[in-house]
């Protein structure tokens, strides 16, 4: 409702901006798997609408009066989303080299601050509405992969033309888990709704297996265990035991019934067992062994330049140092050209200690915020916090074997989701002053 004598036209325009923001947030995941550049563009549109909405909101005194705890969390989250830009600046400051392209992905995370502000004021059901898009996104991914598959990596590593198998497998798995867990957000779960979300879950698991990517697979048992033991539903001991057995059966069934899963798990075990830590002989090149070597190379580079970092691929002068003889030339070449396939190591090489702090904070600070809200007295707030923590777990597990924050679309997606989740929780906190802790409903 408009206040202070606002004109009818002004009210309609304000409502249009608000509804447009909500609409763009809701549809933001739809084409991430299938359309190149979709996420980087939609996050900018969401941020621009958020800025206009927040301006109108403040101009007409709609500002929610936040208690001190809400204000504190807002400031911490704002700082967290600003850290990637600050890390790039400090690393360049110590190197004495300033290049604008480095700020591209961090800037997309930074503008999500405006999305967080708007999400904190718009709707109590923003996350729930958004959750309808994830099953459709997986369905579009399946259609695309069947009609026009990306076969660049071979028939056992399927993807769409918008993503490589690592990103495609990780994101489709993330969409699957969000589809499943978001069932909790609905007050009245009809059979059709549950079926719709379960189809989205099944499609995502199927797409992840088709991709041949192991990225993020470890998140599945972790999240299911968290759901079982830390959800506020009062499970009996019998229910917990039976659910645990079902999870174990599902994991073993996927191993024995899917040749792709079977092969990828066996490859992982073989690669781990064959890696040599205490030898000057270079390790054979394989997926897992290369990632272990990347971590060791990154640690060596970090020790040499802890304050300035190296930027992107600017360490060719030391890549053949005797201390790195545990790696084959092709492993070193891949680290130089394709990066470290790990967010923490990639950013500590890129920007030194500042990149390391920023990357850890981007995962840790929201995780602490979500975990604290799992103790809320209000079910909706707990449910959104649990969904957010599940998303964060997927992204963190994926970041151990691929880079998220240095790619524009994945950085945009992460920043948008964190902003929407945090904004929704802050909305509940603003409405309920004691919404962080209390007795369960």
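The values are calculated or read from the model by the stated rules, or taken from the named source; none is laboratory data. The structure displayed is predicted, hence computed values, not measured ones. Cβ: placed from backbone, ideal geometry, glycine included. Neighbour counts: every protein chain shown.
Here is how the numbers come out for the structure above:
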| item | result |
| --- | --- |
| Odd one out for residue 98, checked against (1) assigned to a loop (DSSP other than H, G, I, E, B); (2) touching a residue at least 40 places away in the same chain (Cβ under 8 Å) | (2) |
| The stretch 89-103, residues that are surrounded by fewer than 16 Cβ atoms within 10 Å (Cβ to Cβ) and at pLDDT below 95 | 96, 97, 98, 99, 100, 101 |
| Residues of the stretch 281-291 satisfying the condition of being in contact with a helix residue (DSSP H, G or I) (Cβ under 8 Å, 6 or more places away or on another chain), in a helix (DSSP H, G or I) and buried (at least 18 other Cβ atoms within 10 Å of the Cβ) | 288, 289, 290 |
| Residues located in the stretch 318-349, provided they are assigned to a loop (DSSP other than H, G, I, E, B) and either under 21 Å from residue 398 (Cβ atoms) or touching a helix residue (DSSP H, G or I) at 6+ places or on another chain (Cβ under 9 Å) (or both) | 319, 320, 321, 326, 327, 328, 339, 340, 341, 342 |
| Matching option when the condition is within 21 Å of residue 417 (Cβ to Cβ), at pLDDT 90 or above, crowded, with 19+ Cβ neighbours inside 10 Å and in contact with a helix residue (DSSP H, G or I) (Cβ under 8 Å, 6 or more places away or on another chain), among 181, 145, 223 | 181 |
| Of residues in the stretch 37-64 being touching a helix residue (DSSP H, G or I) at 6+ places or on another chain (Cβ under 8 Å) and not in a helix (DSSP H, G or I), the one modelled with the highest pLDDT | 37 |
| Filter result for the condition that a residue is crowded, with 24+ Cβ neighbours inside 10 Å, within 13 Å of the chain's Cα centre (by Cα), part of a helix (DSSP H, G or I) and at pLDDT below 95, over 410, 398 | 398 |
| Among (1) within 28 Å of residue 303 (Cβ to Cβ); (2) surrounded by 23 or more Cβ atoms within 10 Å (Cβ to Cβ), the one test that residue 420 misses | (1) |
| The listed residue being touching a helix residue (DSSP H, G or I) at 6+ places or on another chain (Cβ under 6 Å) and either part of a helix (DSSP H, G or I) or within 30 Å of residue 146 (Cβ to Cβ) (or both), out of 86, 16, 117, 93 | 117 |
| Residues being loosely packed, with under 15 Cβ neighbours inside 10 Å and touching a helix residue (DSSP H, G or I) at 6+ places or on another chain (Cβ under 8 Å) - total across the stretch 305-317 | 4 |
| Residue among 169, 200 that is touching a residue at least 60 places away in the same chain (Cβ under 8 Å) and touching a helix residue (DSSP H, G or I) at 6+ places or on another chain (Cβ under 6 Å) | 200 |
| Sole residue being at pLDDT 95 or above, under 17 Å from residue 362 (Cα atoms) and assigned to a helix (DSSP H, G or I), chosen from 22, 76 | 76 |
| Qualifying position, being in a loop (DSSP other than H, G, I, E, B), closer than 22 Å to residue 38 by Cβ and either modelled with pLDDT under 95 or in contact with a helix residue (DSSP H, G or I) (Cβ under 7 Å, 6 or more places away or on another chain) (or both), among 176, 162 | 162 |
